[in-house]
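Read the structure below first, then the notes.
None of the figures in this text is laboratory data; all of them are computed from the coordinates on show. Not measured: the values here are computed from a predicted model. Methodologically, a virtual Cβ is constructed for each residue, glycine included, from the backbone with ideal geometry; neighbour enumeration extends over all protein chains shown.
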Amino acid sequence: MNRIETKKAPGAIGPYSQGFEVGGIIYTSGQIPVNPENGQVPEGIVAQAEQSCKNVGAILEEAQTGFEKVFKTTCFLADMADFAEFNKVYAEYFVSKPARSCVAVKSLPKGVLCEIEAIAVR
């Protein structure tokens with residue numbers, strides 16, 4: 001197992017890692033929309049989806065892979081009413097159209113509106 005860490009995505013705020021590579025498969029932890037440069041969370045689902053995607057992308061890049069190699073994602077929304085707007089942003093990044101689960105949850109860390117985790121091949 002190889003741990004994946006990058007300063008281009010928010011650091012883990014608990015006892016977990018940004019990601020792992022196991023046998024050529026990359027697993028990212030769920031990425032919330034925290035800007036790693038300033039620790040801020042943008043407002044609105046569009047901006048938050050964009051930042052969450054960028055954070056996933058930074059981990060994939062560190063693992064020497066990319067969005068085109070993602071084959072499974074799990075997405076968490078604080079409100080399913082944001083589903084359509086979230087999907088518009090998501091589709092710009094996850095060009096491989098991976099298998100996906102998308103669920104609404106009661107709340108997310110830091111009160112954010114979305115979180116994305118991904119599984120990819122190298």
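Taking amide H atoms as placed 1.01 Å from N in the peptide plane, list the residues 5 or more away in sequence, or in a different chain, whose amide H sits under 5 Å from that of Q31.
Sorted by chain and number, the residues that satisfy this are I116, E117.
Nearest 10 degrees, 0 to 90: what angle lies between the long axis of helix 83-93 and the longest principal axis of the chain (Cα atoms)?
Between the helix axis and the principal axis of the chain, the angle is about 30 degrees.
Report the local net charge at N35: Lys and Arg +1, Asp and Glu -1, summed over other residues whose C-beta lies under 11 Å from its C-beta.
0
Let me know the charge dipole size of the chain about its Cα centre in debye, to the nearest 20, where only the beta-carbon of Lys, Arg (+1) and Asp, Glu (-1) is charged.
300
Which one of P33, I45, M1 is farthest out on the positive end of the charge dipole of the chain, using unit charges on Cβ (Lys, Arg +1; Asp, Glu -1) and the Cα centre as origin?
Farthest towards the positive end: M1.
So which residue, out of N55, N35, N87, gets the largest mean-square fluctuation from a GNM of the chain using Cα contacts under 10 Å as springs?
With Cα springs under 10 Å in the chain, the top fluctuation among N55, N35, N87 is at N87.
What is the distance, in nm, between label points placed 7 Å from the Cα along the Cα-to-Cβ direction at Q64 and at E37?
It is 2.8 nm.
Can you list residues from other chains, or at least 5 along the same chain, whose modelled amide H is less than 5 Å from the amide H of I26?
It is A120, V121, R122, by chain and number.
Add -39500 (n - 2.57) for each DSSP H run of 4 or more in the chain, then divide by its residues: what number comes out at 222 nm, to the nearest 500 deg cm²/dmol?
Helices in the chain give a 222 nm mean residue ellipticity of -7500 deg cm²/dmol.
Filter the chymotrypsin sites (Phe, Trp or Tyr not before Pro) in the stretch 1-44 to those in DSSP coil with at most 11 other Cβ atoms within 10 Å of their Cβ, and list the result.
When the chymotrypsin sites (Phe, Trp or Tyr not before Pro) of the stretch 1-44 are filtered for loop state and at most 11 Cβ neighbours within 10 Å, Y16 remain.
Using alpha carbon centroids, what distance separates the stretch 66-122 and the stretch 1-47, in Å?
13
Which loop-located trypsin sites (Lys or Arg not before Pro) does the stretch 85-119 contain, where loop means any DSSP state but H, G, I, E or B and the Cβ has at most 16 other Cβ atoms within 10 Å?
Here the trypsin sites (Lys or Arg not before Pro) that fit, given the DSSP loop and packing criteria, are K106.
With the crude spin-label approximation of a point 7 Å out along Cα→Cβ, what separation in nm comes out for K97 versus E5?
3.9
Taking Cα Rg over 2.2 N^0.38 Å straight from the coordinates, which label in [x] 1.16; [y] 0.97; [z] 1.24 is the correct one?
Label of the calculated value: [y].
In the neighborhood of T6, defined by Cβ-to-Cβ distances under 15 Å, what is the net charge if each Lys or Arg adds +1 and each Asp or Glu adds -1?
-1
Using a 7 Å offset from Cα along Cα-Cβ at K106, what residues in the stretch 67-99 end up with backbone N under 19 Å from the label point?
76-81
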